[in-house]
Structures are given as structure tokens and as C-alpha cells.
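Here is the structure we will look at, set down as C-alpha cells.
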Amino acid sequence: MAIKMRSGEELRVAEEAAEWLAVLDSANPAQRAKFARWISESPLHLREFLLMTSLESELRGLDLRRGLRREDILKAVPNNVVPLLTNVNSSVTESSAAEPGRRYRWKLATIAAAVLMALLAPFLLTDKSQEFATSIGEQRKISLDDGSIIHLNTKSHISIILTAHAREVQLLEGEALFKVEHDASRPFRVLSGANVIQAVGTQFDVDRRPSATMVSVIEGRVQVSTAAASVARMAHDSRTTDRGIAQPHTQPIAQLNAGEEARIGSNGNIQRRSTIDPTSIATWRQHRLVFHDDTLEDIAAEFNRYNSRTHIELEGEAVRGRRYTAVFDADDPGSLLDFLRRDSSLTVTTRANDLVIRSDP
């Protein structure tokens with residue numbers, strides 16, 4: 001097993017992630033919008049930022065204002081990571097004349113950059129990296145070397161990285177059902193956009209939709225965290241530390257048990273729905289689509305993943321945001337149209353191979 005050296009691009013993105021971690025607390029709306037664009041540009045941006053936030057959490061218990069010994073810094077790195085850096089300075093001190101809050105955040109970013117290679121060790125010792133994708137109407141079963149099984153839904157795309165210390169799946173598009181073999185020494189994580197779902201010997205479904213990511217648990221439990229909520233948490237903690245003021249903040253982590261479902265919005269908000277029937281999860285494997293108070297935008301996107309001949313197009317934000325609860329045959333878009341025609345405020349027309357849905361003026 002060989003160590004994969006990091007490219008100049010990866011190092012550049014890691015440095016940018018550290019800088020964002022340092023400035024987000026005091027960022028203005030324009031800077032926050034710029035950060036949102038940056039983190040959505042590439043899975044690499046997301047990964048580096050999540051690693052930085054993870055390290056920040058590990059370092060939270062250390063008092064940066066009183067100086068840090070090299071041994072204390074390395075203790076903050078998870079103990080299943082092999083340190084690659086041995087030349088970290090023996091102590092870090094701070095000028096008493098410096099602005100406390102700003103110096104604290106920049107020091108944290110500096111330390112994070114210093115031990116980043118140690119934190120990334122599990123991801124660099126890559127045993128196997130593969131990508132799988134399905135076309136419209138196709139479904140696929142993928143068996144991993146560890147005994148875990150992934151059922152990939154139609155028009156979906158995943159990237160899998162298996163290492164000696166972790167199992168990571170990036171859901172780049174679509175939906176997948178995961179049946180995870182328990183291995184405490186190798187966490188199983190699914191990344192969907194800015195969201196991370198970590199499983200412990202469980203079976204769950206992740207659906208990356210246009211408006212949100214849906215997580216549904218059939219067996220066991222999973223832990224969900226979001227980058228957006230982590231930013232809010234870090235901003236709160238920094239304000240509390242720098243100003244001595246306790247302010248409310250968003251909880252970045254939710255734990256879901258069997259029979260529970262969560263909708264993770266693009267803003268990082270997690271909406272939980274309990275007491276769902278586990279047998280209704282992943283009914284897409286039988287080409288049956290079940291929706292619970294879902295937007296018409298998400299419903300149309302699901303149908304379009306199953307049908308290549310007929311494409312459903314929505315016109316107007318008001319139409320896209322309408323919510324419905326219903327069950328449909330995935331291979332029969334006509335069943336959706338018949339359902340929508342009952343709504344007198346909607347108009348359904350045909351344009352070439354497209355079915356266009358709009359609201360009446």
C-alpha cells in the first residue's frame with residue numbers, strides 16, 4: 001500500500017478551506033454568498049472544509065490562548081490516524097496586545113493547516129477508488145469488499161473510496177440504498193453535497209434531490225451532520241469565546257433511528273419525521289414512488305429519472321414549490337399528470353416530448 005502524494009490543487013484548496021474557517025464568523029452577507037458558491041463548486045472543496053471543521057471540533061477543548069505543546073496538538077488528531085508531520089513547533093504563543101477574537105481564529109486555522117496531512121492520512125492510504133453510475137430507468141446492485149451492499153437507483157452516480165481506516169461514498173447524483181456491515185475501526189460515511197451521513201451497522205436510504213437531501217433509516221441508526229450547520233455552530237462558539245455572550249445556534253448533528261426520516265435543506269436545516277413505515281422506504285426498487293409532503297419539483301425530478309421518452313417540465317416557482325402526498329408508478333408519468341389535472345389551478349400541455357405544467361394566471 002503506497003501513500004498518494006497530494007497535488008498542488010489539493011494543497012491550495014486545503015489552504016482556502018482553512019481561510020474560510022477563520023473568517024466565516026465575521027463574514028458579511030456577500031462573503032457568505034461567496035462561501036456558498038465556493039463550497040458547491042467541487043466535491044474537493046466540500047471534503048477539505050469538512051475535514052477542517054472536524055479538526056476544529058477536536059481542537060475545541062484546547063486552550064489556544066495559553067499556548068500549545070506539539071504533543072497536545074497531535075493528541076487532538078483521532079488516534080487511528082498516523083501522524084505524517086514531525087516538525088510542528090514545540091509551542092504556539094500569542095501576543096497579549098493582539099485582538100483576541102481575530103488572533104484566535106487565525107491561530108486555529110494555522111494549527112489546522114499544520115496537522116492537515118495527519119488528519120488526511122486515512123484518505124491518502126487508498127486501497128480502492130471506484131465510480132458507479134446508472135442511466136435512466138436502470139438500477140444496479142454493488143457489493144463492496146467489506147460485505148456492505150449498495151443498491152443504486154436510476155440515473156444515479158456514486159464515488160467509493162475504501163481505505164484502511166474509513167469507507168466513504170460520495171453521492172454525486174440520484175439515490176442509493178445502503179446496507180452497511182459493522183466495522184468500528186472503519187466508519188462508513190455518505191457525502192451528499194454539504195451533508196455527511198455516518199452509519200453504524202445499519203440499512204438506510206439517501207436521496208439527493210434538487211431542493212434537499214432525504215435520509216431514511218430502515219434498520220439501526222445513522223448520524224447526520226451538515227457543513228452549513230457546522231458553520232453556525234463555529235460562529236456561535238467563537239462569539240461566546242470572544243465576547244463572553246451566549247447566543248443560540250443551530251444543532252449541526254441529528255441522530256436517526258429505524259423508522260425515522262430527515263429532510264436536509266440547502267441551508268443546513270434538518271427536519272425530522274418519525275414513525276414512518278420502514279417497508280415504505282426504498283420502494284423505488286419495485287418502481288413505486290412514495291411522496292410525503294414533497295415539492296412538485298422533487299416529484300417531477302423523480303419521474304424524469306425513470307423516463308427517457310417523456311420529460312416533465314415545470315414553469316414558475318409557485319408550481320415548483322407546491323407540495324403533495326401520493327404514491328405513483330415510476331414507469332407511468334401519466335399517473336402523475338392524471339393526479340395533477342384534478343387541480344383546477346394547474347394547466348398541463350404538451351410540447352414536443354415534454355409535458356409542461358404551469359399554474360393558471
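Full-extension gain between Ala133 and Glu315, please, as 0.36 nm times their residue separation minus the C-alpha to C-alpha distance.
Residue separation times 0.36 nm, minus the Cα-Cα distance, leaves 62.6 nm.
What's the extension gain from Ala164 to Gln31 if we count 0.36 nm per residue and subtract their Cα-Cα distance?
So the extension gain works out to 44.1 nm.
Considering Cα pairs under 8 angstrom that are at least six residues apart, work out the relative contact order of segment 172-216 and quote it in whole percent. If you can, show how the numbers build up before the last one.
Working: 68 pairs, mean separation 18.3, N = 45.
The value is 41 percent.
We did not get these values from a lab; they are worked out from the coordinates using the rules stated. Note that this is a predicted model, so its numbers are computed, not measured.
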